[in-house]
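As structure tokens, the structure follows; a few thoughts come after it.
The values are calculated or read from the model by the stated rules, or taken from the named source; none is laboratory data. Remember, it's a predicted structure, so these values are computed and weren't measured experimentally. All Cβ positions, glycine included, derive from the backbone under ideal geometry; neighbour counts span all protein chains shown.
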Amino acid sequence: MISRRIPYMFLCLFLILAAPAAYAQFGLEEGDDVTLSTDANATQAQPQLVFAAPDSVPVGEPFLVRITSTKPLNEVDIYWQGKEVMPKINVWNDKHVALAMLGTDVLNAKPGKQELVVTASIDSVRKTYKKNVTIAAKKFPRQDLTLPKKMVTPPQEVYDRIARERKVIAEARNTISPERMWKLPFKRPVDGDVTSAYGLQRFLNKQPKNPHRGMDFRAPKGAVIHAVADGKVLLVGNHYYAGNSVYIDHGNGVVSMYFHLSKVSVKEGETVSRGQLVGLSGSTGRATGPHLHLSIGVLGKLVDPAPLFEKNVDQMLQ
Ligand SMILES: [Zn+2]
């Protein structure tokens, strides 16, 4: 009996010891939640670094990248589609955790493989990890809208205004600040139903326009609008298209935007908490009636906000 067990135990021991080396050879090109031994001299099966990122994400959908280390983690840099974010590192349960939100924009995302690169100092040793994330094609429904012609084509005299606002908006949307203030799930900004989902292919008076890069919520004039997460007010504006609008920085490249408000209740530079009053809904700017348009920017890309209201971090990483 004993003699039959011993070779089996050796086999198990061999598999445990061999496993980290096998993973290290494959690197992070293959598979998800890869457990890597980062120390060449390590002989124990104890994982030291876990890098979690999806293999595949539909166009426009936000996703998370998480690096968990049992050794001190410093200066984590995440590179994605020409942008760089240095996520805040939290120490939790003796583990060092860096979490970042990434995504693509329905406006210009190209289906196919995209390289995700992470560099990190683990116990003062600089390491680089790479993984291919597949951007999966997604079909978005078509939405036809008929609007008065002057609403679709702005008059010449507002062109300068629109150009000026575009710069200010792009700057706010591309803000990448060092403190991560966001947590998941986000709070819904208003009680109403979703009337227009993210990604709709819009045709205004039969002319193709940009896809819908946010979510519209039913909201009568004066409905209370809440901040989706903790953050700091980046920009309050009265813009040609968005009307009275509020931009909140949630840190590490995540920005929420609230458009067409009848009243703004916050000031630039003000710190806000999740659920705090931001303003009241309305129909200012280019809107056919009162509603809330919400956009979520991630490293400047406008992503689908919907999953962020439904999932916590672990669910997003599954
Ligand atoms: Zn909208």
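Considering only residues that are β-branched (Val, Ile, Thr) and within 16 Å of the ligand (Cβ to nearest atom), look in the range 211-240 and name the one that is nearest to Pro178 (Cα to Cα). It comes out as Val228. Within the range 164-219, the set of residues being of a type outside the set (D, E, K, R) and part of a strand (DSSP E or B) comprises Val194, Thr195, Ser196, Gln201, Phe203, Leu204, Gln207, Pro208, Met215, Phe217. Summed over the range 264-318, the residues that are farther than 26 Å from Ala100 by Cβ and part of a strand (DSSP E or B) give a count of 7.
So that you can scan it fast, the table gives a plain yes or no per residue for (1) of a type in the set (Lys, Arg); (2) modelled with pLDDT of 50 or more; (3) surrounded by fewer than 11 Cβ atoms within 10 Å (Cβ to Cβ):
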{"residue": "Gln25", "(1), (2), (3)": "no, no, yes"}
{"residue": "Leu28", "(1), (2), (3)": "no, no, no"}
{"residue": "Leu36", "(1), (2), (3)": "no, no, no"}
{"residue": "Gln48", "(1), (2), (3)": "no, yes, no"}
{"residue": "Ser69", "(1), (2), (3)": "no, yes, no"}
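On the stretch given as the range 267-296, residues that are within 16 Å of the ligand (Cβ to nearest atom), without any contact (Cβ under 8 Å) to a residue 60 or more places away in the chain and among the hydroxyl-bearing types (Ser, Thr, Tyr) total 1. Can you find even one residue in the range 297-314 that is basic (Lys, Arg) and farther than 17 Å from Gly214 by Cα? The answer is yes; a qualifying residue exists. In summary, strands (runs of 3 or more DSSP E) completely within the range 47-153 and bearing 3 or more residues that are farther than 25 Å from Asp249 by Cα occur at 49-52, 112-122, 125-136, 142-145. Against the definition (more than 19 Å from the chain's Cα centre (by Cα), more than 16 Å from the ligand (Cβ to nearest atom) and closer than 23 Å to Val158 by Cβ), how does Val264 come out, yes or no? Taking the combined requirement at face value, the residue satisfies it.
Of the residues in the range 243-250, none is under 18 Å from Gly60 (Cβ atoms) and within 16 Å of the ligand (Cβ to nearest atom).
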